[in-house]
Amino acid sequence: KAKVMDKLWFSIDRGGTFTDVFCQEGSGKQHVLKLLSIDPAYKDAPTEGIRRVLEIVTGNEHPRDKLVDTSRIASIRMGTTVATNALLER
């Protein structure tokens, strides 16, 4: 099992156009990514964001066609503005 210092805490906001990914390492170091919510290069923006952060943090490749190694993930908080925006536009 990973120690607290090795753990990662994710907060993700998936919007209609962009997905914002924030990650904090146990050491306090932070990572911020902005991805297109829909892109033919990947199936799911939140998963892609987590995959990219794992590559940065570990220095290891995390291929898109493999399951994400979740052993270092302490938590994932996820929100979406897609439904909220749809309601506001009515």
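The values are calculated or read from the model by the stated rules, or taken from the named source; none is laboratory data. Everything quoted here is computed from the prediction, not taken from an experiment. Glycine also receives a Cβ, built like all others from the backbone with ideal geometry; neighbour counts cover every protein chain displayed. The accessibility values were calculated without ligands, DNA or RNA, using every heavy atom of the protein model including side chains. Shrake-Rupley method; radii C 1.70, N 1.55, O 1.52, S 1.80 Å.
Quick look at the numbers
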| read-out | value |
| --- | --- |
| Number of the condition not met by Leu35 [criteria: (1) surrounded by fewer than 13 Cβ atoms within 10 Å (Cβ to Cβ); (2) modelled with pLDDT of 95 or more] | (1) |
| Flag for Phe22 being aromatic (Phe, Trp, Tyr), without any contact (Cβ under 8 Å) to a residue 40 or more places away in the chain and open to solvent by 90 Å² or more (accessible area, probe 1.4 Å) | no |
| Of all residues in segment 38-53 being of a type in the set (A, V, I, L, M) and within 22 Å of Asn85 (Cβ to Cβ), the one that is surrounded by the fewest Cβ atoms within 10 Å (Cβ to Cβ) | Ile38 |
| Given (1) at pLDDT 95 or above; (2) surrounded by 12 or more Cβ atoms within 10 Å (Cβ to Cβ), number of the condition Gly16 does not satisfy | (1) |
| Any pair with Cβ under 7 angstrom, 6 or more apart, that starts in segment 71-83 at a residue that is in contact (Cβ under 8 Å) with a residue 40 or more places away in the chain and ends at one that is outside any strand (DSSP E or B) and among the aliphatic types (A, V, I, L, M) | Ser71/Ala2; Arg72/Ala2 |
| Tally of residues being loosely packed, with under 15 Cβ neighbours inside 10 Å and either farther than 15 Å from Ser71 by Cβ or in contact with an Asp or Glu (Cβ under 9 Å, 6 or more places away or on another chain) (or both) across segment 1-10 | 1 |
| Residue that is modelled with the highest pLDDT [pool: residues in segment 59-88 that are under 20 Å from Ser37 (Cα atoms) and among the β-branched types (Val, Ile, Thr)] | Ile76 |
